[in-house]
Amino acid sequence: MAKKQKFPYLVGSKWTSQQKTWGWRHFQVVNRKNEGKWVFAEMVSACDPNVRFWINATQFKDRTLWQAGWQTLQEMQSHPEQDFVDTLIHLS
């Protein structure tokens with residue numbers, strides 16, 4: 001029996017950083033890398049494709065760091081926590 005893949009829907013997912021990261025908040029996952037038990041996501045800024053970096057995908061579970069989808073500042077302040085949890089269920 002094959003082992004269940006962690007974060008199967010990672011590539012193509014869109015995320016909003018709770019604080020500016022490399023000058024931007026909106027990112028998309030364009031690649032994934034498995035390193036032992038860890039899964040890493042390559043992030044690209046939606047506004048500047050030259051801004052690219054790798055992060056540990058478990059950081060997406062921390063709602064103080066990231067929210068699923070591209071959110072406005074107003075949505076980020078009033079977004080119910082349950083929507084974020086629902087999105088994580090789809091990623092795991």
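The table below gives the values:
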| read-out | value |
| --- | --- |
| Environment charge at Glu42 (Cβ cut-off 9 Å; Lys +1, Arg +1, Asp -1, Glu -1) | +3 |
| As computed over the stretch 1-81, the Cα convex hull volume per residue (Å³) | 97 |
| Placed amide H near Ser13: partners under 5 Å, 5+ positions off or other chain | Val29 |
| Kirkwood Rh in Å, taken over the stretch 15-55 so that all alpha-carbon pairs contribute | 10.6 |
| Proximal charge balance of Leu65 [Cβ under 13 Å; K/R count +1, D/E count -1] | +3 |
| Inter-label distance, nm, simple model (7 Å from Cα along the C-beta direction), Val30/Met76 | 2.2 |
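The numbers here are math on the coordinates, done by the rules we state, and not lab data. Small disclaimer: the values here were computed from a predicted structure and weren't measured. All Cβ positions, even for glycine, are placed from backbone atoms using ideal geometry, and neighbour counts span all protein chains on display.
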